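Computed from the coordinates by the stated procedures, all read-outs in this text should not be read as laboratory data. Since the model is a prediction, treat every value here as computed from it, not as a measurement. Every residue, glycine as well, gets a Cβ built from its backbone with ideal geometry; the counts of neighbours run over all protein chains shown.
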Amino acid sequence: MSRYTGAVCKLCRREGQKLFLKGDRCYTGKCAQERRSYAPGQHGQGRKKPTEYSMQLRAKQLARRYYGLQESQFHKYYVMASKKQGVTGEQLLAICESRLDNVVYLIGWGNSRAESRQLVNHGHFLVNGHKVDVPSYLLRPGDVIAIKESSRDSEKIKAVLESNASRPVPQWLEVSRGDYEARVLNLPEREQVAAPVEEHLIVEFYSK
């Protein structure tokens, strides 16, 4: 599947807010969004009144880029969410949040979602005792994620764990750092999702 390979800082600038796509750099003064808080391109600093459609499109693009998803996959999640009971927008965010690569990032086992996706691809994690190397794997309540024993001595893994030891973990996840394990307690409620997304605009966009 194709994936965006350009400068990710441009994505943050295009959406007008930090998407935390570069890990530690996003928390420093080197963050491009802080240094140039306008859209990229020669017309980036121009002011244009947004239309209803443009606001819906931007909300969808922001969510897609925040989670690092391609359009086809994001739309697939929307279709899944629309078939579930409850509010479609909230169900969509819950699906995106429960991806294995996103959970690995949230519990501090990756500095960014992109890095977490790479670590999953390289087979460093177990889910319920079985190796899973598919970043889009959707976790369910009760699932246990663990770092493979053979990966715990990796200098890369050690450095990531040390740098993120104090990162707060969402309430719907539980981490046992000494055991290199984490558990999904429940799927997240809307107030437990930190994504800066207006999900109702996404539903309106796809409902047209």
Flagged links, alpha-carbon separation over 30 Å, of Lys84/Lys208; Lys131/Lys156; Lys76/Lys158; Lys60/Lys83; Lys84/Lys131; Lys49/Lys83: Lys76/Lys158; Lys49/Lys83
Net charge dipole size for segment 99-186 [Lys, Arg +1 and Asp, Glu -1 on Cβ; Debye, nearest 20]: 180 debye
Segment 43-143, Cα convex hull volume normalised per residue, Å³: 135 Å³
Reduced Cα scattering model of segment 134-208, Debye log10 I(q)/I(0), q = 0.15, 0.17 Å⁻¹: -0.71, -0.85
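I need the peptides 143-152, 115-124 ranked by packing, meaning the mean over residues of other C-beta atoms within 10 angstrom, with the highest value on top. Spell out each step's value before the answer.
Working: 143-152: 16.0, 115-124: 19.2.
Per-residue Cβ counts within 10 Å, averaged per peptide and sorted highest first, yield 115-124, 143-152.
What is the extension gain from Arg190 to Asn128, computed as 0.36 nm multiplied by their sequence separation minus the C-alpha to C-alpha distance, in nm to one decimal? Show your work: numbers first, answer last.
On the way: separation 62, 0.36 × 62 = 22.32 nm, distance 2.60 nm.
Full-extension gain reported as 19.7 nm.
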